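The values are calculated or read from the model by the stated rules, or taken from the named source; none is laboratory data. No experiment lies behind these values; they were computed from the predicted model shown. Note: ideal-geometry Cβ built from the backbone for every residue, glycine included; neighbour counts use all protein chains shown. Accessible surface is based on the protein model in full, side chains and every heavy atom, while ligands, DNA and RNA are left aside. Shrake-Rupley method; radii C 1.70, N 1.55, O 1.52, S 1.80 Å.
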Amino acid sequence: MKAFEKKNVKPSVYVFLFIFLLVVFTNTVAQKTDNALAQHGIKIAAVSPDSSLIIANKLLKPGKNTDAHIKALAYYGIGEGNYYKQLYDSALTAYKQALFFFIKTNDTSYLASTYNNIGLIYFFKADYGKSLDAYLASLALEEKKNNLLGVAKSHQNIGLIYSRWGRREQELEHLLIALNIYKQLKDTNSIANTETNLGVTYVHQDQYEKALEHYQNGLKLFKKINDQSGIASVMLNIGHLYFYKKDFDKSSYYFLNAANRFKKIKNKRGLIHAYSALGKMYSQKKNYKEAIKYFFASEKLNTEMGFKEAQLNNLENLYKLYKTTNDFKNANTILEKIVSLKDTIFDQEKFTKLAEMEKKFNVEKSRQEMLLYKTKNEKQKLLLTGTVVFFIFIIINLSVLIKNNKLKEKHKRLILEQKALRTQMNPHFIFNTLSAIQCMVFDNHSKEATDYLADFSKLIRKVLEYSREEKITLKQEKDLLMEYFNLQNRRFNNKIMFNIIWDQNINEEKTLIPPMLAQPFIENAIEHGQLNEMDDGVITLTYKKENNRLQLSIEDNGIGIQQSLNDHHKKGLAMEITRERINLFNGNAGNAYFVFDTKDLAEENRQGTRITFSIPYEEST
């Protein structure tokens, strides 16, 4: 029998195998080392942000073969380092890059906190729509992981956004949820922060004693853990409380205390708000020189920080101060900056508007997105089974189809409100107003031009603010229409008469009405009804309550709607958009919800036009 022979293996094979295993081992050790280094950089960011940045940049050094997970941690470390150095734009960029790599590697360890930090920076920048989106994403992830601390922080941050929108009930609800969780976890710092937030909430509700109680709770806890930034923040808020109570001596004490503490710990964000608060306090005490000094000190710091809401607040207060001191040259310079800044903020408020309209659905939307994310991952695992893939494809497409159908009505409403906004902000009206202001400037009527521009700016602000509300009070509607008409009438030497008549049994403070129903027709009466060319032009706006319905009519003594259509050979945009708004309301609330009619008064042997609305009478609770 032939014996089996043992084959000799060349030594070079063993050498190659040894080198291969050594490389694998070395890479594994290097990855573990890099991971530990990245984690360490993140942990020390709060106390040593420069060291954190050095570590993170070393891990991202060009030519270094860094895997995606380490890159995610490194970018997160850069975000943390820049955040604690108060370089918020750089921090936001780094957090977004970290988010990309965390999602790419399906690493959820830091995903929720990354969303939370992105939301926080957008909050500082007054971009509340984007901030809310990030916080909701963070909340969904924290709830999925059952991370109580993360859930609490998300609720606290969402509450602060509702605070900025003036939604006190929702704000209080989210803050109390957060506080209860923090107490379960015995998280002293977070309890102190939330107590301070609750104090702010009660100040906005004019419940000063209750607010002071929460502030003192927060202050006691911050002192217990020696959190100087927290102590300064509470001092600043207590100063605001006494400011609202018009106790300016106590207000001054707390504002200065807060400013000194912020300055000592080099907290620029806090110092910006403290200086601005001191500016307001000195302005109330009529010490205008000191007030201007502090507003400019706040603005100088804010130049590098870029907090638009704080900047707008400073500029508006400086404008009032210059106007009060008859320094119209500086007032006009500041006013130009205000108008420019408001334009950028209004662009951001388009996101805010959308978020407000859909806030009732956002939590469910966030959960659905997480479900879709999970479904996609399952789909990747089942690609080998063609039948299962097919059914997943069908399910996903049906889900998307159903979701799109639900969103179509919301999208239609948003587009319609944007169209309605365009009718309210007619380009001809804006152009004519600015031209009138320009003429005043050329004629050296600086004070009149400044007042006119201030009134115009105030009107635009109100129009944009009310356009995102489904209903406003009748008083708000009347005041807005009067401001609009006065601006229009000023161009024609106030020769058009405007009357507003309402039943005494109508409570104008509580009666609700869709915003600016009448405004486009008032504009039509002036422009197309040719009231601006008449010496006895009259517009009468009437509100009546009949059979639990609100009857609204806009009547003028112009040339009449039929003659106007003959002259212009086209339908008015206001008429078309109003009919679309009414159809949308009726589609959501029954056929008898809104009734709208137009009438040429020639049918009554008179001159003019009458527009009538009949809507359900509704009062706020």
Principal axis dimensions, largest first and in whole angstrom, of segment 175-262 by Cα
39, 28, 14
GluC sites (Glu not before Pro) in segment 472-541 lying in a DSSP loop, each with at most 11 other Cβ atoms within 10 Å of its Cβ, come to Glu509
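For Ile118, what is the net charge nearby, where nearby means another residue's Cβ is under 12 Å from its Cβ and Lys, Arg count +1, Asp, Glu -1?
Net local charge, Ile118 excluded: +1.
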What order do you get for 126-139, 192-205 when each peptide is scored by the mean count of other beta carbon atoms within 10 Å, highest first?
126-139, 192-205
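If you roll a 1.4 Å probe over the heavy atoms of the protein chains, what accessible area per residue do you get for segment 50-104, in Å²?
48
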Once the whole set of protein chains is in place, how much accessible area is left on Ser276, using a 1.4 Å probe, in Å² to the nearest 10?
10
Heavy-atom SASA rank of Arg269, Arg164, Arg610 (probe 1.4 Å, accessible area, largest first):
Arg164, Arg269, Arg610
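Accessible area of segment 26-141 with a 1.4 Å probe: how many percent of it is carbon plus sulfur? Before the final figure, lay out each step's value.
Details: 2800 of 5070 Å².
Ligands and nucleic acids excluded, carbon and sulfur reach 55 percent.
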Given a cut-off of 30 Å, name the pairs among Lys153/Lys263; Lys220/Lys245; Lys153/Lys223; Lys266/Lys462; Lys71/Lys300 whose C-alpha atoms lie farther apart than that in the structure shown.
Lys266/Lys462; Lys71/Lys300
In whole angstrom, largest first, the equivalent ellipsoid semi-axes that the Cα gyration tensor gives for segment 46-176 are 28, 16, 11
